[in-house]
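Contents: one structure, followed by commentary.
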Amino acid sequence: MASMRICIYFILFYFLLLSCTSREKYKKDLLSNDKTKIDIACFELSELKDTSAIKPLFTKILDPRISTNLRFKGMSVNYCRLGALKKISGVDIGRKIDQFGPDTAATLFYLDWAVKEGFLKNKDEVDIYYQAKSNIDTSQYVVIKYGEYKVFDNAKPTTLSKKEIDQIGDLLHKAIDEFNNDKKHYAKIMPLSNYKIQLVPVINSNGEKEVWVNSFCEADGSRWRKEIIFVEDGGNCYFQLKINLKTMKWYSMGINGYA
């Protein structure tokens, strides 16, 4: 009988140790850059309702990357992190969380909750912003010389440095985030990684460097690397905007209409 009790205690201790080890592994995975590891960790920690995971869940939470794993396909990392926070907190924001994210409003809602409940000292305790290793992947964009497609008045062609391209990538992420959180827009732009991007740089009439950004989620072979892709409809598969690299501001942003 005593040996049976010892055996049971040993089994319970083993599973407790395994559970603690798994929790720590999942919390470590939340801080990785692997989408699948992060998504699995969000699910497992939400099932455990582990409040010690709240801080790492907020770290780089505004991650727009979409999972390609069958279990989480079509979900952004931001959506998975928010789903875990929703389950752990037991608090509903009163609407559906944006699956394609990042859902900044929902993120700030749960951030306020975490501070109020004492899980975080203040909003600045964690860095909620996701910064891709490369703002725009080199296989994703092309710089096209300004010519027959007149999108600026009284402008002349110029070039772009690597630093300027990185700045454009950073501004594009911010512009998409702002656009998607504006309720007046009937459709949302997908994460930047879903698009091919044409950059057309110019010097405007004030001597400032600007760039027209033409983005599309469908491309026919390599033609997009040589000539401007223009489509009248197509909805959020196509979006355009202009960026002033002196003021670091964007304008004239919009998506295509629907047929």
query: In the structure shown, do any of Lys184/Lys246; Lys35/Lys60; Lys116/Lys174; Lys49/Lys116; Lys209/Lys242; Lys96/Lys242 have a Cα-Cα gap over 20 Å, and if so which?
result: Lys184/Lys246; Lys116/Lys174; Lys96/Lys242
query: Mind checking which aspartates and glutamates have their C-alpha under 20 Å from Lys150, skipping anything on the same chain fewer than 8 residues away?
result: Glu208, Glu210, Glu227, Glu232, Asp233
task: Just need the relative contact order of the chain here, percent rounded to a whole number, with Cα pairs under 8 Å and 6+ apart.
output: 13
- request: Note the angle between two axes, namely the Cα long axis of helix 2-29 and the longest principal axis of the Cα atoms of the chain, as a number of degrees from 0 to 90, rounded to the nearest 10.
  value: 10
statement: Looking only at aspartates and glutamates whose Cα falls under 12 Å of Lys162's and that sit 8 or more positions away or on another chain, we get Asp137
task: Taking only Cα atoms and a 10 Å spring cutoff, compute GNM fluctuations for the chain and point out the largest among Arg223, Arg65, Arg23.
output: Arg223
Mean Cα-pair separation over length for region 133-259, i.e. relative contact order, pairs under 8 Å, 6 or more apart, %: 25
- line: Going fewest to most other Cβ atoms within 10 Å around each Cβ, Cys217, Cys237 line up as Cys217, Cys237
query: In angstroms, what radius of gyration and Dmax does region 86-219 have, counting Cα atoms only?
result: 19.0, 59
field: Per-residue Cβ neighbour rank within 10 angstrom, fewest leading, Asp39, Asp153
entry: Asp153, Asp39
task: Read through the labelled values [x] 1, 6, 13, 18, 19, 16, 10, 6, 3, 2, 2, 1, 1, 0, 0, 0; [y] 1, 6, 12, 17, 18, 16, 13, 9, 5, 3, 1, 0, 0; [z] 1, 5, 12, 14, 15, 13, 11, 9, 7, 5, 3, 2, 1, 1, 1, 1, 0, 0, 0 and report the label of the one computed as P(r) over Cα pairs in 5 Å bins from 0, in percent from the structure.
output: [z]
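Determine the dipole magnitude for region 34-126: charges of +1 sit on the beta-carbon of Lys and Arg, -1 on that of Asp and Glu, nothing else is charged, the reference point is the Cα centre, and the result goes in debye to the nearest 20. Mind showing how you got there, number by number?
Working: 16 positive and 13 negative charges, 32 e Å.
Approximately 160 debye in magnitude.
Given the Cα-Cα distance of Ala105 and Asn194 and 0.36 nm per residue of separation, how much length would full extension add, in nm?
Details: separation 89, 0.36 × 89 = 32.04 nm, distance 2.25 nm.
Length gained, Ala105 through Asn194: 29.8 nm.
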- prompt: If you build a Gaussian network model of the chain, linking Cα atoms that sit under 10 Å apart, which residue out of Asp137, Asp233, Asp98 swings the most?
  reply: Asp233
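For Ile243, what is the net charge nearby, where nearby means another residue's Cβ is under 9 Å from its Cβ and Lys, Arg count +1, Asp, Glu -1?
Residues near Ile243 contribute +1 overall.
Quick note: the coordinates plus some simple rules give every number you see, no bench work behind them. Keep in mind that what you see is a predicted model, and the values were worked out from it rather than measured. A quick note on method: Cβ atoms are made from the backbone with ideal geometry, for glycine too, and the neighbour counts reach across all protein chains shown.
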